[in-house]
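Asks: Sharing a structure here in structure tokens format.
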Amino acid sequence: MIILISAVIRIIYVLNTTVGQRQHDLGYATLLSDSTVNPGHLGYIEYIAKFRHLPDFDPFSVFSYYHPPLHHVIAAAAVDLAHAAGVNEPAVYEYIQLPTCIFGVLTVYVAFLILRELCDDENKILIPLSLIALHPGLIYMSGTVNNDMLAALMSFLCVYTTILWIKNEHALKYLISMALSIGFGLISKMNVAVLIFPMGTVMLIDLIKAIKEGKLSDRIRKYGLFAVISMPIGLSWSIRNLVLFGTKPGISSATPDSNQYLGSYPVSEIIGLPVRSSISFPFHSENAVYCHNAWSILFKTSLFGETFPEDITAPMLMLCRSAFILAIALAFICAVLSIVRPVILIRRGDSELGAFLLTGYVFVLVTYILFVLKYPYTCSCDFRYVPTALLYAAISLIPVSSIAPKAG
């Protein structure tokens, strides 16, 4: 019922949200029949839809084209199919949200599979699942034009397949599933790469055990297969750009002249505790003058996107303030539990599962901080970069005593 409700909410949201509303780096499109190259995610999708190939120029030369293309190829296919079915422009671009909405529903379902795999009592996953199914940030992402929702789905799949691998005695089919998840995740969006760290941690633990047991050659074959599957897929976009255009992996960003620039503020203010002023008006403005605290922006965008309602009523403002405070309090509790509970798992003997959950959560937070510091702009602090943290928060709400041991 929770999954069904989450699906209905996302469908209603998408039906009431155009491709021009609450988007990130949208850009614009012209006509599928012209030869214009337009910027942004919308332009990127339009380019693939009308030219039927990936960019034949340096993707860093046009805004947003540097992103890996999996989402944009799928979205372009949806546009082409809708156009072939008789949908006229510009309405045809609304069909970009169809696969994104499906990705959003699938993300909730994969979260359910993860929680059910971990917990031996389905009644105890109702609250954790509801946190993901009804979270505003994930609902917003279900209607976006960009690749955030697909990246979240692939990140959740990385977690799910790794847990299956851990709990089922390192079965080869789950290792292959892990390789496919991280491979296709990396050509969805580069921030999926953060899952390499927890996945690599449990592989390293298994490798050390194999060395002690004299099974090193077996692990070399299996991990060699993992590399052969995951690396050609995951690195294909970066290698293509390096070979054809001499461009190295990375992202394009604004300049220090941007009103989003955070670099002129002290690091302690950027990644310190959320400021009191954020509570008085818990909505995000892109201008760093109004808010330059990463955590405040993270919670604001997770709850309300990038809305800035200047004419909000007093009762509604009070409700939003309360939601903001509640979100921070719940996040703090989940942060503590996300550290403590994996440690308990490790101490009781579930070292691989505990290490996977612990390193996963820690690396999500650490890479978020490093990303904000490397690209110090308010847009870098958005929730859409760390939806996997929400999954770890949900997992932390499962009682340790209910986390099921390995299969068999």
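Values quoted throughout were computed directly from the atomic coordinates according to the rules given, and no laboratory measurement underlies them. These figures come from a predicted structure and were not determined experimentally. Cβ: placed from backbone, ideal geometry, glycine included. Neighbour counts: every protein chain shown.
Asks: Test of understanding: what is the full-extension gain from Ala85 to Leu15, defined as 0.36 nm times their sequence separation minus their Cα-Cα distance?
Replies: 23.3 nm
Asks: Then there's this: If the limit is 27 Å between Cα atoms, which of Lys124/Lys173; Lys222/Lys248; Lys167/Lys222; Lys167/Lys300; Lys173/Lys212; Lys50/Lys300 go over it?
Replies: Distance filter (> 27 Å) returns Lys124/Lys173; Lys222/Lys248; Lys167/Lys300; Lys50/Lys300.
Asks: Using the Karplus curve 6.51 cos²θ - 1.76 cosθ + 1.60 with θ = phi - 60°, what ³J(HN,Hα) values do you get for each residue of segment 239-251, in whole Hz, with x for Gly and Pro?
Replies: Per residue, the Karplus-derived 3J(HN,Hα) values read 5, 4, 5, 5, 6, 7, 10, x, 9, 8, x, x, 10 Hz.
Asks: A follow-up question, please. Give me Rg/Rg_expected for the chain, where Rg uses Cα atoms only and Rg_expected = 2.2 N^0.38 Å with N residues.
Replies: Scaled against compact globular proteins, the figure is 1.00.
Asks: Could you tell me the relative contact order of segment 342-407? Use alpha-carbon pairs under 8 Å, at least six residues apart, and round to a whole percent.
Replies: Numbers: 33 pairs, mean separation 19.1, N = 66.
29 percent.
Asks: Hey, what number do you get for the chain at 222 nm if only DSSP H runs of n ≥ 4 count, each worth -39500 (n - 2.57), divided across all residues, to the nearest 500? Let's see the in-between values first.
Replies: On the way: 17 runs with 247 residues, N = 408.
Value at 222 nm, helices only, nearest 500: -19500 deg cm²/dmol.
Asks: Turning to a different aspect of this structure: Which residue, Ser302, Tyr93, Ser64, has the largest displacement toward the positive end of the dipole of the chain when charges sit on each Cβ (Lys, Arg +1; Asp, Glu -1)?
Replies: Ser302
Asks: Amide H of Tyr377: which non-local residues (sequence gap of 5 or more, or other chain) have their own amide H closer than 5 Å, using H built in the peptide plane?
Replies: Under 5 Å from the amide H of Tyr377 lie the amide H atoms of Leu262, each far enough along the sequence or on another chain.
Asks: Another one. If exposed GluC sites (Glu not before Pro) are those in a DSSP loop with at most 13 other Cβ within 10 Å, what is the longest stretch of the chain that has none?
Replies: 1-168
Asks: With a cut-off of 8 Å between alpha carbons and a minimum separation of six or more residues, what is the relative contact order of the chain in percent?
Replies: Relative contact order for the chain comes out at 18 percent.
Asks: Given Cα pairs under 8 Å that are at least 6 residues apart, what percent is the relative contact order of segment 300-389?
Replies: 25 percent
Asks: Now, a different point. Report, by chain and number, residues whose modeled amide H sits under 5 Å from the one on Cys119, excluding near sequence neighbours (fewer than 5 apart, same chain).
Replies: Counting only residues 5 or more places away or on other chains, the set is Ala404.
Asks: So which trypsin sites (Lys or Arg not before Pro) in segment 1-78 are both in a DSSP loop and have at most 13 other Cβ atoms within 10 Å of their Cβ?
Replies: The qualifying sites are Arg52.
Asks: Go through segment 174-181 residue by residue and turn each phi into a ³J(HN,Hα) via Karplus (6.51, -1.76, 1.60, θ = phi - 60°); whole Hz please, and just put x for glycine and proline.
Replies: 7, 5, 5, 4, 4, 4, 5, 5
Asks: Additional query: Write down the Å³ per residue value for the convex hull defined by the alpha carbon atoms of segment 340-400. Before the final figure, lay out each step's value.
Replies: Values: hull volume 4.4 nm³, N = 61.
Here the figure is 73 Å³ per residue.
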